[in-house]
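Data first, discussion second: the structure below is written as structure tokens.
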Amino acid sequence: MKKLFFSSLLTAPFLLSSVTMLFSSANFIRLLDYIFLIGLLFLIIGSVMFILQAGFFNAFISSSKHFFSTINSREQTILRYEGKNSETASYQKEYPSFKKILLLGAVYFSFSLIGSTAVVFLGY
């Protein structure tokens with residue numbers, strides 16, 4: 001099911017562009033703009049998912065938790081009473097499909113870039 005979803009997302013702009021080419025060049029340029037924006041959105045979403053999955057913010061989160069726990073005397077008392085140390089928790093989130101989203105974004109971005117270059121140089 002997931003494979004069908006991603007393959008339909010991949011083929012939809014190409015199908016729309018082939019249908020749009022039959023009507024007028026202005027619609028084709030507008031379609032290329034939309035494909036570019038969709039590709040850019042997929043690239044941003046995939047990049048954010050990659051950054052979260054890599055654990056880029058783990059050091060910042062653990063440092064801020066440690067800082068605020070040392071400032072708060074009540075938190076220190078609770079930790080001392082419970083016998084807990086400030087352990088480093090992992091804030092990683094697993095995203096199984098971020099590579100597919102990045103790939104879709106790159107394909108849409110490349111297709112719109114090639115299409116826009118062809119429109120400019122061929123003079124449509």
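Structural remarks
- Across all directions, the average flat footprint of the convex hull enclosing the Cα atoms of segment 25-122 is 9.2 nm².
- Fewest-first sequence of Y34, Y95, Y108 by Cβ atoms within 10 Å of each Cβ: Y34, Y95, Y108
- Remark: spin-label model distance Y81-E94 equals 3.7 nm, labels positioned 7 Å along the Cα→Cβ axis.
- The stretch between S73 and I29, if pulled fully straight at 0.36 nm per residue, gains 9.6 nm over its current Cα-Cα span.
- Most tightly packed first, judged by the mean number of other beta-carbon atoms within 10 Å of their residues, the peptides 60-66, 37-43 read 37-43, 60-66.
- Full-extension gain in nm, F121 to F57, via 0.36 nm per residue minus C-alpha separation: 18.6 nm
A short reminder: the numbers here are calculations on the coordinates, not readings from a lab. Because the structure is a prediction, the values reported are computed rather than measured. Virtual Cβ from ideal backbone geometry, glycine too; neighbours counted across all protein chains shown.
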